[in-house]
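The values are calculated or read from the model by the stated rules, or taken from the named source; none is laboratory data. Model, not experiment: these values are computed from the prediction. We place every Cβ from the backbone using ideal geometry, glycine too, and count neighbours over all the protein chains shown.
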């Protein structure tokens, strides 16, 4: 049965700070929807389901991030955080000598002289994946041809499926099911990057995992001896040198092991320390006193980067951080949790959808699939959950198929051009 429904589209223009509105009629049809994945688990589920798992903090936060619920993600993740130590006036004055610079410009300039760039993410933070995505174009111009990802399954099957389809699918990995991770892969593939996974398999402990990851990257580097590689990893794998006090029993993290095995000194970038939390008291003490409009690094008059002193010693005390990396990125806070401003860049715009006239019971998950990618198999371009039949998606200028799914597995689909 076909349904006509009115969709209000708001295109948010960052440059001129105006909103243009258009009206489109979408021809919706009921259809038999299912997720095409080898796993028996649902790749995306409703908030009411994950609210029944409050003790599984990491997994629950990741799942809320996958359906675009940034507020609930922060609320869950905050339960594992502690209150930060306040800064002394001397520390505030010292930090005041550093000025914010555009992080993308700074990183691209530094990347010129490096064969390997390693950037980390917090697995619950889509914001970090978007930042890496925004680096791709500039890195490509500087000769980078390969993208290795911890979250991408390290199997020939995953690589062949990616090459055959030309887009990320649900079976490409677990973390890659989150739309912004999928868009990172999608963008890299469209730009011509060679994509590979390097995750360890069969390791008995964390130390073996770090070693195996580094060996896998070493092997890939040896296959392309004169080419530049970007590595997107999780959390502490980015740290160079020995881990202080043998933290987590690793000895060295993946980045440190890679240098040990290859002699390559990578450009290492941390996104995880200076990013927002749901409760500001849990944020890094230096981050608490910032108010940024764009991803930034902090540089003093001598050209020294805030955080670069960690390169000289791995024993700095909190709240400065305790490990070693080259560049610390400070991310802007979300101005709102319902589609934060950091999602809108390039030709990506906010699209407001209302389907209040449709005869479908909510809560509903609303998926945006790129036209030409298999619905239910591809990683969606965007996802939102709604109780009131209104959502805001962030889409580029491509054609999409919009899917509405409720808890009774009733689904509607329409083309959006």
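One residue alone among 297, 391 is at pLDDT 95 or above, touching a strand residue (DSSP E or B) at 6+ places or on another chain (Cβ under 6 Å) and either assigned by TED's automatic domain parsing to the domain that holds residue 26 or part of a strand (DSSP E or B) (or both), and that residue is 297.
Across region 252-264, the number of residues qualifying as touching a helix residue (DSSP H, G or I) at 6+ places or on another chain (Cβ under 6 Å) and either surrounded by fewer than 18 Cβ atoms within 10 Å (Cβ to Cβ) or under 21 Å from residue 108 (Cβ atoms) (or both) comes to 3.
For (1) at pLDDT below 95; (2) more than 29 Å from residue 46 (Cα to Cα); (3) surrounded by fewer than 20 Cβ atoms within 10 Å (Cβ to Cβ), each residue gets a yes or a no:
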{"site": "320", "(1), (2), (3)": "yes, yes, yes"}
{"site": "323", "(1), (2), (3)": "yes, yes, no"}
{"site": "332", "(1), (2), (3)": "no, no, yes"}
{"site": "344", "(1), (2), (3)": "no, no, yes"}
{"site": "353", "(1), (2), (3)": "yes, no, no"}
{"site": "358", "(1), (2), (3)": "yes, no, yes"}
{"site": "362", "(1), (2), (3)": "no, no, yes"}
{"site": "371", "(1), (2), (3)": "no, no, yes"}
{"site": "383", "(1), (2), (3)": "no, no, no"}
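Here is a list of conditions, (1) touching a residue at least 40 places away in the same chain (Cβ under 8 Å); (2) closer than 27 Å to residue 68 by Cβ, and residue 189 meets all of them except one; can you say which number that is? For residue 189, the failing item is (1).
Only one residue in 195, 169 is under 17 Å from residue 229 (Cα atoms), surrounded by 18 or more Cβ atoms within 10 Å (Cβ to Cβ) and not assigned by TED's automatic domain parsing to the domain that holds residue 377, so which one is that? One residue alone meets the criteria, 195. The one condition from (1) assigned to a loop (DSSP other than H, G, I, E, B); (2) touching a helix residue (DSSP H, G or I) at 6+ places or on another chain (Cβ under 7 Å); (3) buried (at least 17 other Cβ atoms within 10 Å of the Cβ) that residue 68 does not meet is (2).
Here residue 80 fulfils each of the conditions (1) within 20 Å of residue 334 (Cβ to Cβ); (2) assigned to a loop (DSSP other than H, G, I, E, B); (3) touching a residue at least 24 places away in the same chain (Cβ under 8 Å) apart from (3).
Just one of the listed residues (130, 119) is surrounded by 18 or more Cβ atoms within 10 Å (Cβ to Cβ), assigned to a helix (DSSP H, G or I) and touching a helix residue (DSSP H, G or I) at 6+ places or on another chain (Cβ under 9 Å), and it is 130. Looking only at region 172-192, filter to residues that are under 18 Å from the mean Cα position of the chain (by Cα) and in a loop (DSSP other than H, G, I, E, B); which one of those is surrounded by the fewest Cβ atoms within 10 Å (Cβ to Cβ)? This residue is 174. A single member of 81, 75, 90 is in contact with a helix residue (DSSP H, G or I) (Cβ under 6 Å, 6 or more places away or on another chain), at pLDDT below 95 and under 26 Å from residue 286 (Cα atoms), and it is 81.
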